[in-house]
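First comes the structure, then the notes that go with it.
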Amino acid sequence: MIGQFKSLFAHWTRALRRRLAGNIYHPEEHYMRGPGPKTRAKFADRKSAGS
C-alpha cells in the first residue's frame, strides 16, 4: 500500500514539475549547420567521376 502511494506521488510530482518548467526543448539550440567535410568529399568524388 505504501509503495503504491509513493509511486503515485512520484508520478504526480513529475507531472507537476513538467508543467511548471514549461517547454524545456528549444529547437534553435539543436539545429544542424549543414553537411560536414565527409559528405562534401563524397559528393565531390561523385561529381569528378561523372564528368
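Annotations
- Scattering curve values for the chain, log₁₀ I(q)/I(0), Debye with Cα scatterers, q = 0.19, 0.31, 0.32 Å⁻¹: -0.79, -1.05, -1.07
- Dipole axis of the chain (+1 Lys, Arg; -1 Asp, Glu on Cβ), positive-most option in 2, 32, 20: 32
- Extending 7 Å from the Cα toward the beta-carbon at both residue 15 and residue 29 defines two label points whose distance is 2.6 nm.
- Restricting the range 1-41 to trypsin sites (Lys or Arg not before Pro) that sit in a DSSP loop and have at most 12 other Cβ atoms within 10 Å of their own Cβ leaves 33.
Quick note: the coordinates plus some simple rules give every number you see, no bench work behind them. Note that the structure is a prediction, hence the values are computed from the model and not measured. Because the Cβ atoms are built from the backbone with ideal geometry, glycine has one as well, and the counts that use them run over all protein chains shown.
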